[in-house]
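Report on the following structure.
No value in this document is a laboratory result; all are computed from the given coordinates. These figures come from a predicted structure and were not determined experimentally. Every residue, glycine among them, receives a Cβ derived from its backbone with ideal geometry; neighbour counts consider all protein chains shown.
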Amino acid sequence: MKDWATIRQLVGEGVPQRQVARDLGISRETVRSALASDRPPAYERRQGPTSFDVFEPRVRLLLEQFPTLPASVIAERLGWTGSPSWWRQNVARVRPDYRRVDPADRLAWEPGDVIQCDLWFPPYKVPLEDGTRVLLPVLVMVAAFSRFTMALMLPSRKTEDLLLGMWTLLKRLGAVSHRLLWDNEAGIGRGKPIEAAAMFAGALATRIVLCKPYDPETKGIVERRNQFLETSFMPGRVFASPADFNQQLVDWLVLVNGKTSRATGAAPFDLLETDKARMLALPPAVVPLGWRNRVRLGRDYYVSIAGNDYSVDPRAIGRVVDVSATLERVKIRLNGQVVADHERVWVTNQTITDPAHVVAAKTLRAAFGQPQPHDDGDDLHRDLADYDLVFGLEAQVM
């Protein structure tokens, strides 16, 4: 290649071909060949019959039926005893003729159009109130245009907690996109949003769009962000509780959203205002979110919600109370008045008791065991002469 370039350069400068051949120590035929060719010479191996040719028809027959069959399995079934690497190269050359192709289009995201949502499960068990350690889901939401990222650890992947998590993050953002993009998460919907998710979207005047199966590229931004969280946020960190996890995550995302994104050439913070300007304004309130129930309080003055039992003021026994739970609090109301207020416990199958409720129950129990006072003026005693008058008898004088 070097001689080819040198020959063409010298001849181009006006040096005679005979002198070029003499100076470079090559034949004049080599010079003429270099000038006649528009590309440098390259060694090309002549294609002849190979040991794979005999197996190729049977390999193609197997791949036609099973396009993903491993090369090693094909070699075993067809009795190949030659070089494994040579076999794999030839199978790889043939396989594309039978593999179905699923092209991924380049997607362009307009300002304010889409927030991609997904659940990420960190490979770390977070300690809970009772000392147990569990793997908890993290809701990740990324504004597609600006790449602005929000995330929040949740107690569960149930619908109630997912909607609470979305509302919490959207309130932090201060706006909502025209579409909320989800995959087929059971708590949101499969094929179409479930009723609770549809009502939530309707209250925000937005749409929840569920991706088609086997189409991860549609929400590839949040998928890549999940991987980034796992490789860049998690290593070397220790968490004392879910609240500690969320605080560390918020602090870290402030730094991440301030760094230039290779995809956009700008930091998410720099594009966020443009993104939000095309989003929808949040309503002052949405449909009631979270865990909700309405029950008649029994004698044990406990109600069950979100997997746990919480005590209630026993003076509400026998009455219908409204129970609600958010990510942080559990409140029970009687005719609109709060009769119990607990911190929500993320461990399940627990009994949470307010000591004041135990004291009130003891007082009521003691009062119930006391005999009721008798009122002498209750007019329950009548003179027997009254009955004589009723039946027309005269009172006998003794």
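Details
- Cβ-defined net charge surrounding Leu128, 13 Å radius [Lys, Arg +1; Asp, Glu -1]: -1
- Working note: Karplus 6.51/-1.76/1.60 with θ = phi - 60° gives the stretch 294-299 the couplings 9, 9, 8, 5, x, 5 Hz, where Gly and Pro are set to x.
- Residues Asp251 and Asp354, FRET efficiency given R0 of 25 Å [Cβ-Cβ distance, rounded to 0.05]: 0.15
- Folded to 0 to 90 degrees: helix 195-204 orientation relative to the chain principal axis, Cα: 80
- 28 Å Cα-Cα reach of Lys219 towards lysines, excluding residues that sit fewer than 8 places from it in its own chain: Lys125, Lys158, Lys171, Lys192, Lys259, Lys276
- DSSP-assigned coil residues among trypsin sites (Lys or Arg not before Pro) in the stretch 1-105, each with at most 16 further Cβ atoms within 10 Å: Arg45, Arg46, Arg99, Arg100
- Amide proton proximity set for Val209, modelled H, under 5 Å, gap of 5+: Leu180, Leu181, Trp182
- Separation in nanometres of the label points that stand 7 Å from Cα toward Cβ, at Ser241 and Phe121: 2.5
- Within the straight-line cut-off of under 30 Å between alpha carbons, the lysines reachable from Lys362 are Lys331, sequence neighbours fewer than 8 places apart in one chain being disregarded.
- In degrees, nearest ten, helix 159-173 long axis to first principal axis of the chain (Cα): 70
- Taking amide H as placed 1.01 Å from N in the peptide plane, the amide H of Leu282 sits under 5 Å from that of Val176, each at least 5 places away or on another chain.
- Neighbour net charge for Val320 - beta-carbon separation under 13 angstrom, K R +1, D E -1: +3
- Taking the C-alpha atoms only, the angle from helix 355-369 to the longest principal axis of the chain is near 30 degrees.
- The 3J(HN,Hα) values that the Karplus relation (6.51, -1.76, 1.60; θ = phi - 60°) gives for the stretch 236-241 are, in residue order, x, 9, 10, 10, 8, 5 Hz. Gly and Pro appear as x.
- Converting phi to 3J(HN,Hα) with the Karplus coefficients 6.51, -1.76 and 1.60 and the offset θ = phi - 60°, the stretch 8-18 yields 5, 5, 5, 5, x, 7, x, 6, x, 4, 5 Hz in sequence order, with x at every glycine or proline.
- The stretch 60-193 - percent relative contact order, Cα under 8 Å, separation 6 or more: 20
- Whole-number percent relative contact order across the chain, with pairs defined as alpha carbons under 8 Å at least 6 apart: 12
- The helix-only estimate of mean residue ellipticity at 222 nm for the chain, built from DSSP H runs of length n ≥ 4 each weighted as -39500 (n - 2.57), is -10500 deg cm²/dmol after division by the residue total.
- Net charge of neighbours whose Cβ lies under 13 Å from the Cβ of Arg333, counting Lys and Arg as +1 and Asp and Glu as -1: +2
- The chain - convex hull of alpha carbons, volume per residue in Å³: 341
- Each Cα pair under 8 Å and six or more residues apart adds its separation to the average, and for the stretch 45-119 the resulting relative contact order is 31 percent.
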